Amino acid sequence: MNRILKTTVIAAAVMSVAGVAQARDQIRIVGSSTVYPFASYVTEEFGATTGNPTPVIESTGSGGGLRLFCNGVGEGTPDITNASRRMKVSEFERCEENGVTNITEAKIGSDGIVLGQSSENDDIALTREQIFMAVAAMVPVDGELVENPYTNWSEIDSSLPDREISIYGPPTTSGTRDAFEELVMESASEGMDVYGDEAYTDIRSDGVYIDAGENDNLIVQRLSEDTGAFGIFGYSFLEENTDTISAASIDGVDPEADAISSGEYPIARSLWFYVKNQHAEEVPPMYDYVDMFMSEMMIGDDGYLRDIGLIVLPEEEREEWRQAVADRTAMTADVLK
């Protein structure tokens, strides 16, 4: 190889390596649509104040994000995934099978799932059983399980409005959907003998429940257009749209910050993110971002994220999680069981 050609090849290789290093200076984040507004705030602050590139963040849903996160280690896989539910044992095992063997878990706060509607409607009080009867694929009628016949709320309970049942909700890849199935569907069906020993979580597919995708903002927008419908989404989206959206009380409790934090509100869940520690050397800014997210400035009692709807953890619990993240504690399957 002549000297000029050899020099050109070496220069191209150096540029290629430098390009990869530069690209990996930009953190890649995926996951929950519910955590998305909080993580987006942190990414913007991180980009504006640290001199590092603003991380790239995608709203893929909790399940979708964990699937991408657990695909492996290295280029083409995300560094962090957000989740509006805790990682499942099966997901952790899949991570391990694909070589993702050093993960730190971070709990950032709490959130409530609301059943929102256009504020043009009268206030409404619902129970988890009534919501279950509206969305379950099979429901008990005269002691027998039948395909859900209900098309109107007043058919379920005469005290409810004479209003068509139409509910925009998250898809199966969403952590909000997982939490809804656990906290509403399982909770309501466990007390119904007709379902036997198993909780029932199948949601009807006849058009009453409308899969509205991973973007909770789109659900909120649809309620402004389809004023008779309800939407299932996180509390922070209610907080941001109180001028146009109101929420049903559930089992006699309104979705308010104190009720969600205390657990009095029955459809409350924790919010998380997961860090791929094996990417730390390849993505040097990653831990700086993680530490900023866990700081009092972000998730504390007077933190920025509280201002946009995050339900903050008690101080002692915040400190425990902050320390675990600072120590880069590697999680095990035992904590998920």
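The values are calculated or read from the model by the stated rules, or taken from the named source; none is laboratory data. Keep in mind that this is a model prediction, so the values were computed, not measured. So basically every Cβ, Gly included, is an ideal-geometry build from the backbone, and we count neighbours across all protein chains shown. Ligands, DNA and RNA are excluded from the accessible area calculation, which covers all protein heavy atoms including side chains. Shrake-Rupley method; radii C 1.70, N 1.55, O 1.52, S 1.80 Å.
Which of the following residues is part of a loop (DSSP other than H, G, I, E, B) and either touching a helix residue (DSSP H, G or I) at 6+ places or on another chain (Cβ under 8 Å) or of a type in the set (D, E, K, R) (or both): GLU120, GLU129?
Numbers: GLU129 fails: part of a loop (DSSP other than H, G, I, E, B).
It is GLU120.
Right, ASP288: in contact (Cβ under 8 Å) with a residue 60 or more places away in the chain, out of contact with any Lys or Arg (no Cβ under 6 Å at 6 or more places or on another chain) and charged (D, E, K, R) or not?
On the way: in contact (Cβ under 8 Å) with a residue 60 or more places away in the chain: yes; out of contact with any Lys or Arg (no Cβ under 6 Å at 6 or more places or on another chain): yes; charged (D, E, K, R): yes.
Yes.
Using the structure shown, decide if ILE165 is of a type in the set (A, V, I, L, M, F, W, C) and in contact with a Gly (Cβ under 7 Å, 6 or more places away or on another chain).
Details: of a type in the set (A, V, I, L, M, F, W, C): yes; in contact with a Gly (Cβ under 7 Å, 6 or more places away or on another chain): no.
So ILE165 does not fit the description; no.
So which residues in segment 273-308 are small (Gly, Ala, Ser) and open to solvent by less than 10 Å² (accessible area, probe 1.4 Å), if there are any at all?
Keep residues of segment 273-308 that are small (Gly, Ala, Ser), which gives 280, 295, 300, 303.
Answer for segment 273-308, where residues must be small (Gly, Ala, Ser) and open to solvent by less than 10 Å² (accessible area, probe 1.4 Å): GLY300, GLY303.
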Check your understanding: What residue, of ILE245, ILE311, is buried (at least 17 other Cβ atoms within 10 Å of the Cβ), over 26 Å from SER90 (Cβ atoms) and at pLDDT below 95?
Key -> ILE311
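Among ASP307, ASP258, ASP243, which is the only one that is outside the structural domain of GLY65 (by the TED database) and without any contact (Cβ under 8 Å) to a residue 12 or more places away in the chain? It would help to see each step written out before you state the result.
Working: ASP307 fails: outside the structural domain of GLY65 (by the TED database); ASP243 fails: without any contact (Cβ under 8 Å) to a residue 12 or more places away in the chain.
Result: ASP258 is the single residue among ASP307, ASP258, ASP243 that is outside the structural domain of GLY65 (by the TED database) and without any contact (Cβ under 8 Å) to a residue 12 or more places away in the chain.
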Exercise for review: Being assigned to a helix (DSSP H, G or I) and surrounded by 22 or more Cβ atoms within 10 Å (Cβ to Cβ) is the filter here, so list the residues in segment 258-272 that pass it.
Suggested key: ILE260
